[in-house]
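I have placed the structure first, in the form of structure tokens, so that the comments after it can refer back to it.
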Amino acid sequence: MKALLNPEFSFSSISQFHTNKLRNSTHSPNQTSLRFPSKYRIGRGACLVVKAALDSAIMDQLGLSESDIRNPSVSTSYRSSKLPKPNQTLLDAQARVCTGPTQTRPLSEEQAFKVFDTILRSAKGELKDEYKISRAQLGAFFAAMTIRANAFPEATQWSEGEKLAINTFWPLLVRVLPPDIIFIADPEGSIMGLGNSIGPQYVGNCATEMRLVGALREVLAGGHLGYEEVQGQRMNRETDRELKAYCLAFDDELGPPPVADVRSLTHYGEPYDGNTRYFRSTLFVAAVRSCYGESCLLHGVEWMPPKEGITEEQMLKFMGANTSLSPLHAKDLLEDEEVGFAYVSQREACTSLYSLIGVREHIKKRPPVATAEKVQRFVKARGKEAMVAGFYHEGYEEPLLMLMKRRGVHSGLVVKGEEGALSMTTRLRSASISKGFPVNYCSGFRSLSMASAFEVDGVSRQNFNLEVNAMDYGFEPTNTPRTDRSVSKNIELGLAALRGEKGPAYDRIILNAGIVDHLLGCDGAEDISAALDRAREAIDSGKALKRLLNYIKISHKLS
């Protein structure tokens with residue numbers, strides 16, 4: 001906190017692919033069951049009845065039957081069966097090569113031959129159903145290969161094994177691949193070792209595609225796009241102009257957002273693809289902060305690649321809440337004195353962006369919209385507004401804050417929480433970490449007046465960055481509770497904490513509520529100890545749990 005006193009001023013779908021390094025977990029643990037009477041226990045393949053986590057009196061109060069609240073408990077099971085699966089062989093290769101100039105791991109000769117043979121057999125129609133390779137996968141893979149050849153440092157360019165595989169298979173592939181894929185793989189007809197005129201002459205089939213092809217030529221050569229040109233996505237980190245374009249591209253879909261009559265509103269931008277390892281606390285933090293007038297708006301999706309982790313929508317749906325609310329419904333919940341927080345699904349707020357989930361699975365890596373979608377403003381407020389977003393890779397903190405300022409909010413905060421999410425931890429910092437920002441690193445700004453961020457100048461805005469050490473505020477060091485993709489385990493931890501059960505989950509909710517209040521400059525949070533104390537009181541009094549239960553009940557009245 002000392003740093004705060006010394007502030008520093010310091011789309012053709014086949015072309016879409018990542019900017020961030022994937023931290024993908026293939027671990028899929030057994031489903032866990034809550035420690036309640038046996039008739040409520042679950043096992044592998046079963047669904048949890050949240051009645052196990054809430055007693056019968058509360059269920060009666062909510063007016064929910066057992067059939068209302070049955071849902072899968074493991075985050076990966078929320079994937080829609082309607083989505084066509086990607087080819088796993090190529091997806092594994094994408095995990096290695098569709099990443100940045102320092103993170104890419106070139107394929108060995110054996111791996112490269114297997115991949116190119118699979119591509120050839122798919123292009124010839126020999127692979128069916130989930131084994132067939134989509135154009136999105138082909139586009140992502142070949143675009144990565146092209147950018148690596150044109151712009152990456154020697155260590156992450158093509159390996160000798162990849163070169164040999166390309167020399168062997170490209171003469172065969174050029175006969176069977178679609179022209180648009182050949183263009184992406186060899187836009188100038190010069191890198192695949194076999195000259196061809198398809199790439200250099202390719203312009204697309206309509207005016208829109210012509211514009212896209214022109215942008216892709218620049219991207220595939222390792223260049224950057226202007227604000228108006230942003231249509232493709234690539235492995236080079238985006239410029240600010242590109243991120244602005246991604247962030248604002250979908251704003252007009254629903255028109256002007258509704259305005260909630262609340263004195264303070266915080267927009268939470270968690271990574272949409274969820275948590276795979278650790279307790280995700282933001283839903284419970286929102287319930288706490290709503291108790292003392294700090295309204296919170298959460299947004300996300302039910303399931304998202306590449307992590308396929310636990311999301312707020314999974315938890316709310318699991319507990320029986322209505323997760324199909326519009327931004328107008330969210331406004332009503334924010335204004336409700338018995339609730340004060342809301343969740344909006346991207347499915348309801350921005351259907352065009354939501355429709356890209358299948359493509360995002362096939363391109364393997366997070367696209368630039370994964371950064372931009374965290375900084376959305378689906379509801380506005382009559383009072384002060386703030387935004388909070390999580391990040392993992394160094395270099396994204398300033399672009400996120402830039403996007404927040406463009407949104408016109410009064411305060412903004414980015415947090416390097418665990419797994420790149422928003423949850424700050426009370427565990428001790430690992431002594432082995434030598435580069436990059438540590439977990440609990442925060443950076444942000446806050447306006448010193450009621451003027452929006454569009455109107456304030458550098459003098460009226462206080463900038464800060466710091467590392468939060470929980471022990472400085474009386475928290476004992478504890479390891480973060482593991483959830484390992486178990487939605488039920490995450491809910492169990494959160495509900496136990498809101499019931500007042502002391503422990504790591506309780507501490508994390510208190511820490512994240514109080515510190516965020518302080519850093520955003522919320523009324524009554526000027527003193528950190530006072531901010532933490534009021535968060536504790538919200539839990540210990542039972543108010544926060546009541547707010548969450550009210551949300552579950554009232555959300556059904558708005559459908």
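The set of residues from region 107-141 being more than 19 Å from Leu173 (Cβ to Cβ) and open to solvent by less than 60 Å² (accessible area, probe 1.4 Å) comprises just one member, Ser108.
None of Ala505, Ala538, Ala544, Ala496 is in a helix (DSSP H, G or I), in contact with a Pro (Cβ under 8 Å, 6 or more places away or on another chain) and farther than 24 Å from Leu401 by Cα except Ala505.
Residue check: Glu385 meets all listed conditions (1) outside any loop (DSSP other than H, G, I, E, B); (2) at pLDDT below 95; (3) in contact with a helix residue (DSSP H, G or I) (Cβ under 9 Å, 6 or more places away or on another chain) but one, namely (2). Selection over region 405-429 of residues that are closer than 19 Å to Arg263 by Cβ and among the small types (Gly, Ala, Ser) gives a count of 3. Scanning region 524-541 for residues that are of a type outside the set (Gly, Ala, Ser) and loosely packed, with under 13 Cβ neighbours inside 10 Å yields Glu526, Asp527.
Which residues, counting only those in region 273-294, are outside any loop (DSSP other than H, G, I, E, B), open to solvent by 10 Å² or more (accessible area, probe 1.4 Å) and over 27 Å from Cys98 (Cβ atoms)?
In the first step, residues of region 273-294 are kept if they are outside any loop (DSSP other than H, G, I, E, B); the result is 275, 278, 282-290.
After this cut, where a residue has to be open to solvent by 10 Å² or more (accessible area, probe 1.4 Å) as well, the list is 278.
Those that are outside any loop (DSSP other than H, G, I, E, B), open to solvent by 10 Å² or more (accessible area, probe 1.4 Å) and over 27 Å from Cys98 (Cβ atoms): none in region 273-294.
Tell me which residues, restricted to region 341-370, are of a type in the set (Val, Ile, Thr) and either at pLDDT 95 or above or within 28 Å of Gly395 (Cα to Cα) (or both). Result: Val344, Ile357, Val359, Ile363, Val369. Restrict the check to region 230-238 and report whether at least one residue is open to solvent by 20 Å² or more (accessible area, probe 1.4 Å), assigned to a helix (DSSP H, G or I), more than 20 Å from Val487 (Cβ to Cβ) and modelled with pLDDT under 90. No, there is no match, as no residue in region 230-238 is open to solvent by 20 Å² or more (accessible area, probe 1.4 Å), assigned to a helix (DSSP H, G or I), more than 20 Å from Val487 (Cβ to Cβ) and modelled with pLDDT under 90. The set of residues in region 181-211 being open to solvent by 30 Å² or more (accessible area, probe 1.4 Å) and in contact with a Lys or Arg (Cβ under 9 Å, 6 or more places away or on another chain) consists of Glu188, Gly193.
Counting only residues that are open to solvent by 10 Å² or more (accessible area, probe 1.4 Å) and of a type in the set (A, V, I, L, M, F, W, C), region 358-377 holds 2 of them.
Answer yes or no: is there a residue in region 258-266 that is modelled with pLDDT of 95 or more, under 21 Å from Ala531 (Cα atoms) and open to solvent by less than 10 Å² (accessible area, probe 1.4 Å). Before you say what the answer is, go through the steps one by one.
Filtering region 258-266 for residues modelled with pLDDT of 95 or more gives 258-266.
Checking which are under 21 Å from Ala531 (Cα atoms) leaves us with 262-266.
Those still in the list that are open to solvent by less than 10 Å² (accessible area, probe 1.4 Å) too: 265-266.
Among the residues of region 258-266, at least one is modelled with pLDDT of 95 or more, under 21 Å from Ala531 (Cα atoms) and open to solvent by less than 10 Å² (accessible area, probe 1.4 Å), which makes the answer yes.
Looking only at residues of region 142-151 that are hydrophobic (A, V, I, L, M, F, W, C) and open to solvent by 10 Å² or more (accessible area, probe 1.4 Å), we find that the one that is nearest to Pro368 (Cα to Cα) is Ala151. Residue check: is Leu549 open to solvent by less than 20 Å² (accessible area, probe 1.4 Å) and in a helix (DSSP H, G or I)? Against the criterion (open to solvent by less than 20 Å² (accessible area, probe 1.4 Å) and in a helix (DSSP H, G or I)), Leu549 qualifies.
Can you tell me which residues in region 529-559 are among the hydroxyl-bearing types (Ser, Thr, Tyr) and under 18 Å from Gly494 (Cα atoms)?
Here is the first cut: in region 529-559, the ones among the hydroxyl-bearing types (Ser, Thr, Tyr) are 529, 541, 551, 555, 559.
Ser541, Tyr551 - these are the residues of region 529-559 that are among the hydroxyl-bearing types (Ser, Thr, Tyr) and under 18 Å from Gly494 (Cα atoms).
A Cβ distance below 7 Å, combined with a sequence gap of six or more or placement on separate chains, defines the contacts here; from region 299-326, residues that are over 18 Å from Val379 (Cα atoms) and open to solvent by 10 Å² or more (accessible area, probe 1.4 Å) reach residues that are at pLDDT below 95 and in a strand (DSSP E or B) in the pairs Lys317/Asn71.
The values are calculated or read from the model by the stated rules, or taken from the named source; none is laboratory data. Treat the numbers as computed from the prediction; the structure is a model and nothing was measured. Cβ: placed from backbone, ideal geometry, glycine included. Neighbour counts: every protein chain shown. Calculation scope for accessible area: heavy atoms of the full protein, side chains included, ligands and nucleic acids excluded. Shrake-Rupley method; radii C 1.70, N 1.55, O 1.52, S 1.80 Å.
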